[in-house]
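Step one of this worksheet: look at the structure below.
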Amino acid sequence: MKTSQEIGKPISRLEGKLKVTGEAKYAGEYNVADLVHGYIVNSSITKGKIINIGESEAAAVPGVVAIISHKNRTKLPWFDMLFADMDAPPGTPFKPLYDEKIKYNSQPIALVIAETFETARYAASLLKVNYEEAPFETELTAHLAEARDPKKGMATAIKPLPPSDKGDFETAYNEASAQYEGEFFHGPEHHNPLELFATTTIYEGKGKLTVYDKTQGTSNCQLYIANVFGLHYNDVRVLSPFVGGGFGSGLRPQYQLFLCVMASLMLKRNVRVTMDRTQMFSFGHRPQTIQKTKFGANTDGIVTAINHTAIAETSQFEDYTEVVVNWANMLYPAQNTALDYKLVPLDVFTPMDMRAPGGSTAMHAIEATMDELSYQLNMDPLQLQLLNYSEIDASSGKPYSSKELKQCYIQGAEKFGWEQRPSKPRATKRGNRLVGTGMSTGIWDVIALPAKAKAKFSKDGKLKVTSAVTDIGTGTKTIMTQIAADSFAVALEHVTFDHGDSDMPMAPIQGGSYTTGVVGSAVKAACIALQKKLFKKAKKLKDSPLSGLKITDVVFKNGAIYAKEDFNKCINYKDIVAADGKNWIAASKSNIPNLLELKNYTRAAHSAAFVEVEVDEELGVINVTRAVTAVAAGKIINPKTARSQILGGMIWGISKALREETMTDHNLGKYMNTNLGEYHIPVHADIHELDVIFVEEKDEIINELGSKGVGEIGLASMAPAIANAIYHATGKRINKFPIHLDDIIL
């Protein structure tokens, strides 16, 4: 008897129609009775304190309900608990409206509440704020001498600090036949998901709240609200069934959530607070980072010495860290290494995870350095990668749980036509355009975390699985439905997966490319637990054909339990539920990673990107004409949604290398291009021939599904490949992102 396998099918997103027809509701779109609107007022200075807020003119506007600032906000517990926010770095979390002190430019300083959004926005413009300014520092390069080691905290368990030095780097580097020493600069970048950050808080009375929030973690926001406002967890419900993009911006609760909940509790009314696009630049960002590399290789091309240092910005109140310098020795097994990572506290908001945090920054420095070594050795860059390929993570001495990176190189190169590449830079032209090709490796950690799911089967033959996990547009709902269908042995059309509700079983924040493996394993565990429960009940039925059998004596197929020895002996799932006299039979199960086994392996997804660029020799305009990314990420649950994720990462790689840049006026301590007109990202005309290859990779160690996730790995390798292709086209090694046309022509 053959059972349909849903895992591995390229199924379109199940919620797609709701989104394209406008039926899907986001956090700022729910129809709520008796709703008032809040508009946030942000500071116009970078550092200092508020002397006075003149409210009379704003308060006189008809329809204004309240103006909330540090002067009249409610008293709060302000719990600085270790678990107040699942994604909080070491330090003291920022407290909106806590006091008169200004810590960074565009800090929220007041909330105007009115009967309509337009009224609140207009009244907010009438507030008269007097400040006393203080000196500030926002420029990383001016304070490198003050860099210090990061504080350690729980965050370093997921974001490990650099391993200790090993061997004798200086001697190995000095004796190397090929050497390259480079310095790389990456400026700040800001998240700009399509959906603005919004919160709708429904006041249920007696301290109970229902909150619709744009977030990547409903359980995390529930925890945050309860701790900050001193509420019982069961009295706080956070929902986020649809999220219009996250990319890391919704991992931490943002300040509009705090302000909306506070206003609702103070006024005992339903409140909505929505940020505008400019305010999306007032919290979190990919941090300014300066990296230095010194790699050495022998005449055979074996990398013998790796030195990678990074200095990044953080805020004055938290130590945000990224994994930047750890990757090179994970990929290239040099026995002599010196790695260092430091922070410079500046008068900015705490940086925040942004798709492939640390990895996308690091790989530019690492892969440009490797590319440079290949030219010094008169060796093809791909050949150099293959010579230094290792099944062992040299930084820890551990084997990989699986690693098909070599096949990424081979299959990606073949698809791209790498063998036709001329070895010398500036060797190919099309008209007035220089043509170059480049490649790069990518790597991203596989993180193991606990999660829980609930599965219940109805007497009408429907399976419903629930988890608090969000779907930030990656296809989570679809792939969880596929996992449930296969795990429970029923057809896909009989399965629903509900999510994005803190009342559902706990799930970690959605990020780090771990959701498929972590929550998917919990979904599978819950379905199997429910099958076992059904089997026990089936055996107890009168004249049961399964009586006396053990679970090892049966198979679960097509919504029924069959005796292995005789498939005529079977019972349908729905008949078991009906006989039980209930509408549902349910089971919950947690996915608890086997950390004792996992600690013996390095777990990572890998990729190899191959890129062609054209560079206008006179104008310096750069165009990515075609690219291929080959990915090894374990079991691919849904090739269609996974391919979409990789394509999105590749497009972001184009953005990172050539477009995306937050401009800062350090005289003002202020971001200047806080809009999508001046914060440049690729448009349709910038995107040409992109292709994705998924290399077959089996991993029985990482989780129950053998899936590694694909959210970050497509970005990690793309931008460095573009930089290397530009060098091949022009002969210019440009070690800063984004690469401007004046970098080419000057």
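The values are calculated or read from the model by the stated rules, or taken from the named source; none is laboratory data. What you see is a predicted model, and the numbers here were worked out from it, not measured in a lab. Cβ placement follows ideal geometry from the backbone for every residue including glycine, while neighbour counts extend to all protein chains displayed. Heads up: the accessible areas ignore ligands, DNA and RNA and are worked out on the full protein's heavy atoms, side chains in. Shrake-Rupley method; radii C 1.70, N 1.55, O 1.52, S 1.80 Å.
Quick notes on this one:
- Within the range 593-644, the set of residues being over 24 Å from Pro425 (Cβ atoms) and polar (S, T, N, Q) comprises Asn594, Asn600, Thr602, Ser607, Asn638, Thr641, Ser644.
- Under the condition of being under 23 Å from Gln316 (Cα atoms) and of a type in the set (Gly, Ala, Ser), the residues counted in the range 101-132 number 2.
- Filter pass, Glu181 being open to solvent by less than 50 Å² (accessible area, probe 1.4 Å), farther than 26 Å from Gly397 by Cβ and of a type in the set (D, E, K, R): no
- Checking each residue in the range 403-428 for being farther than 30 Å from Leu598 by Cβ, touching an Asp or Glu at 6+ places or on another chain (Cβ under 8 Å), open to solvent by 40 Å² or more (accessible area, probe 1.4 Å) and not in a helix (DSSP H, G or I) picks out only Ser423.
- Boolean, Ser440 is crowded, with 16+ Cβ neighbours inside 10 Å, on the phi < 0 side of the Ramachandran plot and touching a Pro at 6+ places or on another chain (Cβ under 6 Å): yes
- A single entry from Ala608, Ala560, Ala604 fulfils the requirement of being among the hydrophobic types (A, V, I, L, M, F, W, C) and touching a Gly at 6+ places or on another chain (Cβ under 7 Å): Ala608.
- For the range 285-313, taking the residues that are in contact with a strand residue (DSSP E or B) (Cβ under 7 Å, 6 or more places away or on another chain) and not in a strand (DSSP E or B), the one that is farthest from Pro738 (Cα to Cα) is identified as Asn298.
- Looking only at the range 568-625, residues that are touching a residue at least 12 places away in the same chain (Cβ under 8 Å), closer than 30 Å to Phe488 by Cβ and acidic (Asp, Glu) come to 2 in all.
- When the residues of the range 629-678 are filtered to those that are open to solvent by less than 10 Å² (accessible area, probe 1.4 Å) and assigned to a strand (DSSP E or B), the one that is farthest from Gly442 (Cα to Cα) is Gly634.
- Any pair with Cβ under 7 angstrom, 6 or more apart, that starts in the range 660-672 at a residue that is among the aliphatic types (A, V, I, L, M) and ends at one that is surrounded by fewer than 18 Cβ atoms within 10 Å (Cβ to Cβ) and in a strand (DSSP E or B): Met672/Asp665
- Hits in the range 131-159 - residues which are open to solvent by less than 50 Å² (accessible area, probe 1.4 Å), assigned to a loop (DSSP other than H, G, I, E, B), out of contact with any Leu (no Cβ under 7 Å at 6 or more places or on another chain) and under 23 Å from Tyr320 (Cα atoms): Phe136, Gly153, Lys159
- For the range 576-595, a residue qualifies if it is farther than 27 Å from Ala468 by Cα and either assigned to a loop (DSSP other than H, G, I, E, B) or open to solvent by 80 Å² or more (accessible area, probe 1.4 Å) (or both), and exactly one does: Gly581.
- Among the candidates Glu23, Glu57, the residue that is acidic (Asp, Glu) and not in a helix (DSSP H, G or I) is uniquely Glu23.
- Here Lys9, Lys17, Lys71, Lys95 are screened, and the one residue that is under 30 Å from Ala484 (Cα atoms), part of a loop (DSSP other than H, G, I, E, B) and among the charged types (D, E, K, R) is Lys9.
- Criterion (without any contact (Cβ under 8 Å) to a residue 12 or more places away in the chain and surrounded by fewer than 20 Cβ atoms within 10 Å (Cβ to Cβ)) met by exactly one of Glu100, Glu118: Glu118
- Unmet criterion (only one of (1) more than 26 Å from the chain's Cα centre (by Cα); (2) open to solvent by 20 Å² or more (accessible area, probe 1.4 Å); (3) closer than 30 Å to Lys47 by Cα) for Ala123: (2)
- Near pairs, Cβ below 9 angstrom, 6+ apart or cross-chain, from the range 680-699 (among the aromatic types (Phe, Trp, Tyr)) to any residue that is surrounded by 14 or more Cβ atoms within 10 Å (Cβ to Cβ) and part of a strand (DSSP E or B): Phe694/Ala630; Phe694/Val631; Phe694/Ala632
- From the options Lys128, Lys95, residue that is open to solvent by 20 Å² or more (accessible area, probe 1.4 Å), within 32 Å of the chain's Cα centre (by Cα) and under 19 Å from Ser69 (Cα atoms): Lys95
- Number of residues in the range 7-63 that are surrounded by 15 or more Cβ atoms within 10 Å (Cβ to Cβ), hydroxyl-bearing (Ser, Thr, Tyr) and touching a helix residue (DSSP H, G or I) at 6+ places or on another chain (Cβ under 7 Å) equals 1.
- Hits in the range 208-235 (condition: touching a helix residue (DSSP H, G or I) at 6+ places or on another chain (Cβ under 9 Å), under 16 Å from Leu265 (Cβ atoms) and β-branched (Val, Ile, Thr)): Val211, Ile225, Val228
- Qualifying residue in the range 348-371 (condition: open to solvent by 10 Å² or more (accessible area, probe 1.4 Å) and farther than 29 Å from Gly187 by Cα): no
Matching residues to (1) open to solvent by 10 Å² or more (accessible area, probe 1.4 Å); (2) over 25 Å from Ile366 (Cα atoms):
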site	(1), (2)
Glu689	yes, yes
Glu696	yes, yes
Leu705	yes, yes
Ile713	no, no
Ile726	no, no
Lys732	yes, no
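- For the range 372-382, filtered to residues that are open to solvent by 10 Å² or more (accessible area, probe 1.4 Å) and aliphatic (A, V, I, L, M), the residue that is farthest from Gly731 (Cα to Cα) is Leu382.
- In the range 196-253, counting only strands (runs of 3 or more DSSP E) that sit wholly within it, the ones holding 1 or more residues that are of a type in the set (Asp, Glu) and under 22 Å from Gly475 (Cβ atoms) span 208-213.
- The range 200-228 - residue that is in contact with a Ser or Thr (Cβ under 8 Å, 6 or more places away or on another chain) and over 19 Å from Asp87 (Cα atoms) and, of those, surrounded by the fewest Cβ atoms within 10 Å (Cβ to Cβ): Glu204
- Thr309 falls short on exactly one of the conditions (1) open to solvent by 10 Å² or more (accessible area, probe 1.4 Å); (2) hydroxyl-bearing (Ser, Thr, Tyr); (3) in contact with a helix residue (DSSP H, G or I) (Cβ under 8 Å, 6 or more places away or on another chain), and that condition is (3).
- Counting only strands (runs of 3 or more DSSP E) that sit completely within the range 466-567, those holding 1 or more residues that are open to solvent by 30 Å² or more (accessible area, probe 1.4 Å), in contact (Cβ under 8 Å) with a residue 12 or more places away in the chain and not small (Gly, Ala, Ser) correspond to 495-498, 554-557.
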